[in-house]
Amino acid sequence: METLAAALATRAGGPLRGRVMPPGDKSISHRALILGLLCVGETKIVGLLEGDDVLHTAVACAALGAKVQRRGEGRWSVRGCGIGSLLAPRAPLDFGNSGTGMRLMMGVVGSHAITATFDGDASLRKRPMQRILDPLGSMGAEVLAQTPGGRCPILLKGTSEPTPIVFSPPVASAQIKSAVLLAGLNSPGRTTVIEAEATRDHTEKMLKYFGASIETGPFAKHGQKITLEGRPDLRPARVIVPSDPSSAAFPLVAATIVPRSDIVIEGMMMNPLRTGLLATLLEMGADIDILDRRAEGGEEVADLRVRAAALKGVDVPAARAPSMIDEYPILAVAAAFASGEMRMRGLAELRVKESDRLRAVADGLREAGAASQIIGDDLIVEGRAGDVLGGGMAATHLDHRIAMSFLCLGLASRRPMAIDDSRMIATSFPEFQALMEQLGARFQ
């Protein structure tokens, strides 16, 4: 069978050792391309993640009028056409597996007088888009056709005069916030987003970096209020993309659970709205030193020295979810090797990612011989104090993070651990196997 032909497994071997730099941050890469499209002039990007998700966004930018060129490994240029001057694409915009690319670009298209079809692969066609379409509708965009339930393929007609709005997202989502702010760029007035729970702020930082007038401030206990002045003169910029915390999570956890490991992860982004996994691992007793903090491309980065450590289960509050929403599958793997119960709260958003990650993680842990249960929107893992059996095959459901998480589990379990399909890993981390093998990981 085709899926079995792409199966992959890992097994325990010696310790992980060495220095690695994970690929460029996916969130920054998407936004750098999109803001390059919305500038007049050339934006240069260094360290762009060349995974499938980001490459789909690059193709979409070109279809909307930008000249996008690869200048070398990780080095790209985007010569944009400017806010209000996008071209109508001649074919559907295909985003593959990328929910981020699709949702952000809906915000861009929705505020321009063009019509575009948004589509993706089988997994992306299952993901909810109504949460994006609703605020865009309030701003003047029209949905001319869609799959029932607000799913793609979606035919979206934008407006040349988007209405500025004050919007409170129904769930904590940087993608919803970013779509509204990107739509607000072509609005003749102020667009405001009020979040009850603060989410990653890459869009706000990058908008400011490109010259937009944007203000952020606290709102209530955990939220923030963002106000954007419409129709700014964005300036082309040089963007250095830091290492992706969501990709760094895999060698980070693997080195923590594989005995006698000692590695250095170089240049990881340290934005506090992206470091929930790091904070949680430290609470669990991980041995991580934060070295050489510095600024690169408008974000703080640092090197991390990670050594194997005995972990203990902790209670992870729901308020931390926005800062580590993509890292819960690999955190659950760490929890399986900890001692005691680990409860991760408020994970409803995991149900609508590339797969139902909450169920996929629980099923994968069962295949690995680790006990877990789902109670409401909480995941509870019974740690086995470093003694996880392994020996099963985790179903990935076309989800790259499920795939990489269970491959990391196999590096420390008593028996090899397999996944049913490895092909989708290329969407975010095409160098995953090579990077892990560089550290001493054993694949089979």
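Can we say Ala141 is hydrophobic (A, V, I, L, M, F, W, C), under 19 Å from His112 (Cα atoms) and either in contact (Cβ under 8 Å) with a residue 40 or more places away in the chain or touching a strand residue (DSSP E or B) at 6+ places or on another chain (Cβ under 6 Å) (or both)? For Ala141, the condition - hydrophobic (A, V, I, L, M, F, W, C), under 19 Å from His112 (Cα atoms) and either in contact (Cβ under 8 Å) with a residue 40 or more places away in the chain or touching a strand residue (DSSP E or B) at 6+ places or on another chain (Cβ under 6 Å) (or both) - is met.
If only residues of segment 149-169 that are in contact with a strand residue (DSSP E or B) (Cβ under 8 Å, 6 or more places away or on another chain) and part of a strand (DSSP E or B) are counted, the one that is nearest to Arg125 (Cα to Cα) is Cys152. On inspection, Gly346 fails the criterion of being within 16 Å of Gly386 (Cα to Cα), in contact with an Asp or Glu (Cβ under 6 Å, 6 or more places away or on another chain) and crowded, with 17+ Cβ neighbours inside 10 Å. Total residues in segment 195-216 satisfying the condition of being buried (at least 23 other Cβ atoms within 10 Å of the Cβ) and acidic (Asp, Glu): the figure is 1. From Gly107, Gly99, grab the single residue that is over 25 Å from Gly189 (Cα atoms) and either in contact (Cβ under 8 Å) with a residue 40 or more places away in the chain or out of contact with any strand residue (DSSP E or B) (no Cβ under 9 Å at 6 or more places or on another chain) (or both). Just a single option satisfies the conditions, and that option is Gly99. Selection within segment 5-46: residues that are among the small types (Gly, Ala, Ser), surrounded by fewer than 17 Cβ atoms within 10 Å (Cβ to Cβ) and over 24 Å from the mean Cα position of the chain (by Cα). The member of this set that is nearest to Asp420 (Cα to Cα) is Ala5. If you go through segment 401-424 and keep only what is surrounded by 23 or more Cβ atoms within 10 Å (Cβ to Cβ) and either among the hydroxyl-bearing types (Ser, Thr, Tyr) or modelled with pLDDT under 95 (or both), you end up with Ser405, Ser413, Met424. Among the residues that make up segment 259-269, is at least one of them under 20 Å from Ala335 (Cβ atoms) and either modelled with pLDDT of 95 or more or among the hydroxyl-bearing types (Ser, Thr, Tyr) (or both)? Checked against the condition, which is being under 20 Å from Ala335 (Cβ atoms) and either modelled with pLDDT of 95 or more or among the hydroxyl-bearing types (Ser, Thr, Tyr) (or both), segment 259-269 yields at least one hit. The selection criterion, being part of a loop (DSSP other than H, G, I, E, B), assigned by TED's automatic domain parsing to the domain that holds Gly110 and among the polar types (S, T, N, Q), holds for Ser85.
Taking segment 64-78 as the range and being surrounded by fewer than 20 Cβ atoms within 10 Å (Cβ to Cβ) and either among the small types (Gly, Ala, Ser) or in contact (Cβ under 8 Å) with a residue 40 or more places away in the chain (or both) as the test, the residues that pass are Gly65, Gly72, Gly74, Ser77.
Considering (1) of a type in the set (A, V, I, L, M); (2) in a helix (DSSP H, G or I); (3) surrounded by fewer than 21 Cβ atoms within 10 Å (Cβ to Cβ), the lone condition that Ile290 does not fulfil carries the number (2). Within segment 170-197, the residues that satisfy the criterion of being closer than 22 Å to Leu234 by Cα and in a loop (DSSP other than H, G, I, E, B) are Leu185, Asn186, Ser187, Pro188, Gly189. Considering only residues in segment 110-135 that are assigned to a helix (DSSP H, G or I) and touching a Ser or Thr at 6+ places or on another chain (Cβ under 8 Å), the one that is surrounded by the fewest Cβ atoms within 10 Å (Cβ to Cβ) turns out to be Arg125. Note on segment 217-257: among residues that are touching a Cys at 6+ places or on another chain (Cβ under 7 Å) and closer than 30 Å to Thr10 by Cα, the one that is surrounded by the fewest Cβ atoms within 10 Å (Cβ to Cβ) is Phe250. Specify which of the listed residues (Arg366, Arg357) is of a type in the set (D, E, K, R), surrounded by 23 or more Cβ atoms within 10 Å (Cβ to Cβ) and farther than 16 Å from Ile257 by Cα. On inspection, the qualifying residue turns out to be Arg357.
Condition check ((1) in the same structural domain as Val108 (by TED's automatic domain parsing); (2) small (Gly, Ala, Ser); (3) under 21 Å from the mean Cα position of the chain (by Cα)) across all residues:
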site: Ser123; (1), (2), (3): yes, yes, yes
site: Ala141; (1), (2), (3): yes, yes, no
site: Ala145; (1), (2), (3): yes, yes, no
site: Cys152; (1), (2), (3): yes, no, yes
site: Glu161; (1), (2), (3): yes, no, no
site: Ile165; (1), (2), (3): yes, no, no
site: Pro169; (1), (2), (3): yes, no, yes
site: Ile176; (1), (2), (3): yes, no, yes
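Residue by residue, here is whether (1) of a type in the set (A, V, I, L, M, F, W, C); (2) more than 30 Å from Ala196 (Cβ to Cβ) holds:
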site: Thr227; (1), (2): no, no
site: Arg238; (1), (2): no, yes
site: Phe250; (1), (2): yes, yes
site: Gly285; (1), (2): no, yes
site: Asp289; (1), (2): no, yes
site: Ala295; (1), (2): yes, no
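Taking Ala179, is it crowded, with 17+ Cβ neighbours inside 10 Å and of a type outside the set (D, E, K, R)? Here the answer is yes, as Ala179 does meet what is asked. Scanning segment 346-388 for residues that are hydroxyl-bearing (Ser, Thr, Tyr) and at pLDDT 95 or above gives a single hit, Ser372. Checked against the criterion of being under 23 Å from the mean Cα position of the chain (by Cα) and either part of a loop (DSSP other than H, G, I, E, B) or closer than 30 Å to Leu409 by Cβ (or both), the candidates Ala249, Ala212 yield just one match: Ala249.
Taken together, the residues in segment 144-187 that are at pLDDT 95 or above, among the polar types (S, T, N, Q) and more than 17 Å from Thr199 (Cβ to Cβ) amount to 6.
The values are calculated or read from the model by the stated rules, or taken from the named source; none is laboratory data. Just so you know, these numbers come straight off a predicted model, no measurement behind them. Cβ atoms come from the backbone with ideal geometry, glycine included; neighbour counts cover every protein chain shown.
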